[in-house]
Amino acid sequence: MTSTLKFPTKLHQDTAELTRDYFLTISSADTVLIVNSCARGQAVPESDLDIAILVNPDTPANEIKNIEAAWLTYSTNQPIFLKYKRSTHFAHIHLDIITGNYMPAIIEVGEPIDYFEIEIGNQICYSVPIDNAGPYFQELQTKWLPYYDDDLRLQRLTRIQNACNYDLDHIPFFIKRGLHFQAFDILWKAFQEYLQTLFIANKTYPIAYNKWIKEQVVKWLGRPELYPKLPPILSVSNIESDETNDKARMIRELLNNLTSE
């Protein structure tokens, strides 16, 4: 049944249901999940259809590869899938096979952002089973919701704060060398690290650090007073100036205020 889902078009729904019917025949598949905008009822006719196939945790890697290959063969010439893909220029079916084995990275300064919380948020917290929730999916919900272990949370909170401060410290160095675009790139990374810190501090899973920011901050975190301070950080009028330094100081102030709360 799809009564809890609100697809933007009948074509989205037909495509999702055909995908469900296909994976119900695969013994290692536990739950077929609708994720992202369709799962939250915010998709539009031009939206992608994002699906995650949760398989049992002991499914061997070579079996997953075989499942992926068989799916590609099956889906390539299915009339409904082809009709969906031709419906708009932006219509894509994004299907991932996931094991639910979520492992937090060891966060090091200067390294790329770790999307541990985003994966759990999109795949476990905010996803919707298109059919019945399988026993493994229910087990993962029990394990990870409403939030993960507090010892791990505090460890990650400290490490991400340090990573954010490290990147903020780096920005004046790049500006002094005339590397203004690199400085802005690091500013954008630090901005996302601040958001990551904000969500961890509030024990709330995010869906992204680069979209739906207003909804997440205002509605999910209940911080309407904070949101107006965020857009100006990335609103740079002259990238070849010291303006990025000023924006870095804005993030630093928000980060310091967060750690003192």
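Restricting attention to the alpha-carbon atoms of the chain, what are Rg (one decimal) and Dmax (integer), both in Å?
For the chain, the Cα-based Rg and Dmax read 20.8, 60 Å.
Build a GNM of the chain with springs between Cα atoms under 10 Å: which of I175, I160, I207 gets the top mean-square fluctuation?
Result for the chain, Cα springs under 10 Å: I175 fluctuates most.
With loop defined by DSSP as not H, G, I, E or B, and exposure as at most 14 other Cβ atoms within 10 Å, which is the longest segment of the chain clear of exposed trypsin sites (Lys or Arg not before Pro)?
On the way: sites that count: R177, K203, K211.
By the stated rule (loop sites, at most 14 other Cβ atoms within 10 Å), 1-176.
If you take every residue apart from F137 with its C-beta less than 12 Å away from the C-beta of F137, what net charge results, scoring Lys and Arg +1 and Asp and Glu -1?
Working: positive: K143; negative: D30, D131, E139.
With Lys, Arg at +1 and Asp, Glu at -1, the neighbours total -2.
Which lysines, if any, have their Cα less than 22 Å from the Cα of K247, not counting same-chain residues under 8 positions apart?
K176, K189, K211, K214, K229
I want the antiparallel fraction of DSSP beta bridges within the chain, as a percent rounded to 5.
55 percent
Pop a pseudo-label 7 angstrom from the Cα along the beta-carbon direction at both K219 and D48 and give the gap in nm to one decimal.
With each label placed 7 Å out from Cα toward Cβ, I get 2.1 nm.
Anyone know which of G178, G100, G121 comes out most mobile in the 10 Å Cα GNM of the chain?
In the Gaussian network model the winner is G178.
Note down the net charge around L95, summing +1 for each Lys or Arg and -1 for each Asp or Glu among other residues with Cβ under 11 Å from its Cβ. Walk me through the numbers on the way to the answer.
On the way: positive: none; negative: D48, D50, E68, D96.
Computed value for this residue: -4.
Which residue fluctuates the most in the chain, going by a Gaussian network model with Cα springs under 10 Å, if the choices are N132, N66, N56?
Top of the fluctuation ranking is N66.
Where the only charges are on Cβ atoms (+1 Lys, Arg; -1 Asp, Glu), what is the dipole of region 150-260 about its Cα centre, to the nearest 20 debye?
Values: 15 positive and 13 negative charges, 58 e Å.
It comes to approximately 280 debye.
Within 10 Å of each residue's Cβ, count the other Cβ atoms and sort M250, M103 from fewest upward. Before the final figure, lay out each step's value.
Working: M250 18, M103 6.
Going from sparsest to densest Cβ surroundings: M103, M250.
What is the ratio of the Cα radius of gyration of region 132-261 to 2.2 N^0.38 Å, with N the residue count, to two decimals? Please report the intermediate quantities before stating the final value.
On the way: Rg = 16.9 Å, N = 130, 2.2 N^0.38 = 14.0 Å.
The reported ratio for this selection is 1.21.
Please name which of N238, N256, Y209 has its Cα lying farthest along the dipole of region 150-260 towards the positive end, using unit charges on Cβ (Lys, Arg +1; Asp, Glu -1) and the Cα centre as origin.
Selected residue: Y209.
With Cβ to Cβ distances under 14 Å as the rule, what net charge do the other residues near F81 carry (K, R +1; D, E -1)?
Details: positive: R20, K83, K85, R86; negative: D14, E17, D21, D48.
Summing Lys/Arg as +1 and Asp/Glu as -1 gives 0.
Within region 10-144, how many lysine pairs that are 8 or more places apart, or on different chains, have C-alpha atoms less than 30 Å apart?
5
Would you compute the Debye intensity of region 10-144 from its alpha-carbon atoms alone, equal scatterers and no solvent, and pass along log10 I(q)/I(0) at q = 0.20, 0.22 Å⁻¹ to two decimals?
Each listed q maps to, in turn, -1.24, -1.39.
Read the figures in this text as sums done on the coordinates, not as results from a lab. Owing to the predicted nature of the structure, the values given are computational and were not obtained by experimental measurement. Backbone-built Cβ (ideal geometry, glycine too); neighbour counts: all protein chains shown.
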